[in-house]
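See structure below.
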Amino acid sequence: MPQEVRGVIARAKGEPVTVETIVVPDPGPGEAVVEVQACGVCHTDLHYREGGINDEFPFLLGHEAAGVVESVGPGVTDVAPGDFVILNWRAVCGSCRSCLKGKPQYCFATHNATQKMTLKDGTELSPALGIGAFCDKTLVAAGQCTKVDPAAQPEVAGLLGCGVMAGLGAAMNTGGVSRGDTVAVFGCGGVGDAAIEGSRLAGAKTIVAVDIDDTKLEWAKDFGATHTINATKEDPVERIRELTDGNGADVTIEAIGLPKTYEQAFYARDLAGTVVLVGVPNPDMTIELPFIELFGRGGALKSSWYGDCLPSRDFPMLIDLYLQGRLNLDGFVSETIGIDDVEEAFHKMEQGGVLRSVVVL
Ligand code: APR
Ligand code: ZN
Ligand code: ZN
């Protein structure tokens with residue numbers, strides 16, 4: 001029987017979101033229905049609302065979630081009712097050219113549910129990032145459910161489903177930060193702080209946090225920043241060089257998505273070092289760099305999509321490290337809120353007052 005539950009809907013570009021009744025079908029082949037327990041508010045949800053992703057309104061927002069599998073459709077063997085799972089937007093196909101090359105973290109044909117959730121009048125919903133989890137229950141592809149240790153609180157675990165994983169993975173997977181490295185992170189929101197946390201976990205000896213907001217810089221220290229730079233008060237490139245014996249950092253991570261800070265990350269890097277872009281630029285931005293500098297500095301310029309994570313490999317491992325007290329995930333939860341408070345959470349996010357607001361259902 002299809003079920004009627006509450007969901008947060010963006011009906012039209014720029015309009016405040018509303019909580020409405022949605023219809024969740026029973027899971028078909030390869031699908032699962034998940035009882036959502038918590039879902040973080042991410043910038044991408046706001047981008048959908050602003051029409052910045054596509055025009056396929058109405059959207060069912062929310063995609064950074066954890067919950068319990070309620071039911072599974074035919075042929076589902078990897079998860080079962082009762083499993084505690086984090087939802088991911090990288091359910092790998094196993095057969096695209098990247099999966100066949102042994103690089104499933106770049107899968108070009110990831111799965112979502114085949115059936116559609118709808119409004120009560122039958123209007124089909126577009127779930128954010130193929131998930132849609134600001135709702136009591138959601139329908140996803142079974143591969144979007146990654147089983148983790150249920151000892152973790154859902155409001156914390158769910159964060160690995162998007163922004164925090166993006167930052168941790170930018171450092172640990174894409175940047176390949178390892179022990180003894182020097183790292184500089186530009187932008188200390190949830191993503192940048194996760195990159196700082198990932199660098200700390202990987203054994204970096206120096207972690208320089210750059211932001212324009214002193215409060216954010218204070219928070220960055222809690223995640224492992226050894227030094228902080230307010231870019232409105234001093235030149236971050238010069239200061240990072242000073243802090244790294246005049247050389248620049250082994251790995252620099254841009255977690256804002258601006259040409260100016262990307263350029264700073266480029267010049268704040270040591271010879272043969274790595275620049276990682278995890279901040280998402282706007283489509284109209286361009287960047288100009290002296291060509292000889294690209295060659296002469298060597299190393300690697302990399303972009304990090306979802307922290308180059310492989311959910312089945314990374315989520316359970318990171319939850320285990322969290323439960324052992326080795327990974328600070330609690331620090332990302334600024335507040336827990338109700339399903340009616342998403343619009344207000346968007347405003348707080350725009351004002352920069354929170355790392356993550358998390359809807360608890
Ligand atoms: N120099 C340094 N820091 C800056 C600058 C600047 N010129 N401009 C903004 N910042 C800081 C802000 O003060 C803020 O602390 O960058 C941080 C950005 O954080 P959030 O807005 O909270 O964004 P976050 O959720 O961390 O995401 C960062 O990663 O995944 C992408 O889409 C996401 O592009 C976004 C980026
Ligand atoms: Zn694939
Ligand atoms: Zn997100």
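The values are calculated or read from the model by the stated rules, or taken from the named source; none is laboratory data. All values derive from a computational prediction rather than experimental measurement. Don't worry about glycine lacking a Cβ; one is built from the backbone with ideal geometry, like all the others, and counts go over all protein chains shown.
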Qualifying residue in region 241-252 (condition: under 23 Å from the mean Cα position of the chain (by Cα), under 30 Å from Ile319 (Cβ atoms) and at pLDDT 95 or above): yes
Only listed residue being outside any loop (DSSP other than H, G, I, E, B), buried (at least 18 other Cβ atoms within 10 Å of the Cβ) and either touching a Gly at 6+ places or on another chain (Cβ under 6 Å) or modelled with pLDDT under 95 (or both), chosen from Val85, Val36, Val23: Val36
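Taking strands (runs of 3 or more DSSP E) that do not extend beyond region 201-297, which have at least 3 residues that are over 20 Å from Gly163 (Cβ atoms), among the charged types (D, E, K, R) and free of Cβ contacts under 8 Å to residues at least 24 places away in the same chain? Break it down stepwise before answering.
On the way: elements: 206-211, 227-230, 249-254, 269-277.
Fully inside region 201-297 and qualifying: nothing.
Out of all the residues in region 63-82, is one or more among the acidic types (Asp, Glu), within 15 Å of ligand 3 (Cβ to nearest atom) and within 22 Å of Leu318 (Cα to Cα)? Give the steps one after another, and end with the answer.
Taking region 63-82 as the starting set, the residues that turn out to be among the acidic types (Asp, Glu) are 64, 70, 78.
Narrowing the set further to residues that are within 15 Å of ligand 3 (Cβ to nearest atom) leaves 64.
With the extra rule that they be within 22 Å of Leu318 (Cα to Cα), the set shrinks to 64.
Yes, the conditions are met somewhere in region 63-82.
Scan region 97-129 residue by residue and report those that are in a loop (DSSP other than H, G, I, E, B) and either farther than 18 Å from Ala142 by Cα or touching a Pro at 6+ places or on another chain (Cβ under 7 Å) (or both). Write out each step before concluding.
Restricting attention to region 97-129, the residues satisfying the condition of being in a loop (DSSP other than H, G, I, E, B) are 101-103, 107-117, 120-123, 125.
Across region 97-129, the qualifying residues are Lys101, Gly102, Lys103, Gln115, Met117, Lys120, Asp121, Gly122, Thr123, Leu125.
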Residue count, region 220-255 (criterion: closer than 23 Å to Leu329 by Cα and surrounded by 23 or more Cβ atoms within 10 Å (Cβ to Cβ)): 8
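Conditions tested, residue by residue: (1) surrounded by fewer than 24 Cβ atoms within 10 Å (Cβ to Cβ); (2) assigned to a loop (DSSP other than H, G, I, E, B); (3) within 16 Å of ligand 2 (Cβ to nearest atom).
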{"position": "Ala152", "(1), (2), (3)": "yes, yes, no"}
{"position": "Gly158", "(1), (2), (3)": "no, no, no"}
{"position": "Val164", "(1), (2), (3)": "no, no, no"}
{"position": "Ala170", "(1), (2), (3)": "no, no, no"}
{"position": "Gly180", "(1), (2), (3)": "yes, yes, no"}
{"position": "Val185", "(1), (2), (3)": "no, no, no"}
{"position": "Cys188", "(1), (2), (3)": "no, yes, no"}
{"position": "Asp193", "(1), (2), (3)": "no, no, no"}
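Look at Cys107 and say whether it is buried (at least 24 other Cβ atoms within 10 Å of the Cβ) and at pLDDT 95 or above. Spell out the reasoning first.
Values: buried (at least 24 other Cβ atoms within 10 Å of the Cβ): no; at pLDDT 95 or above: yes.
The answer is no for Cys107.
Tell me, please, whether a residue that is over 20 Å from Gly7 (Cβ atoms) and away from ligand 1 (no atom under 16 Å from the Cβ) can be found in region 63-72.
Our first condition is that a residue be over 20 Å from Gly7 (Cβ atoms); within region 63-72, this holds for 72.
Next, from what is left, pick out any that are away from ligand 1 (no atom under 16 Å from the Cβ): 72.
Yes - at least one qualifying residue is present in region 63-72.
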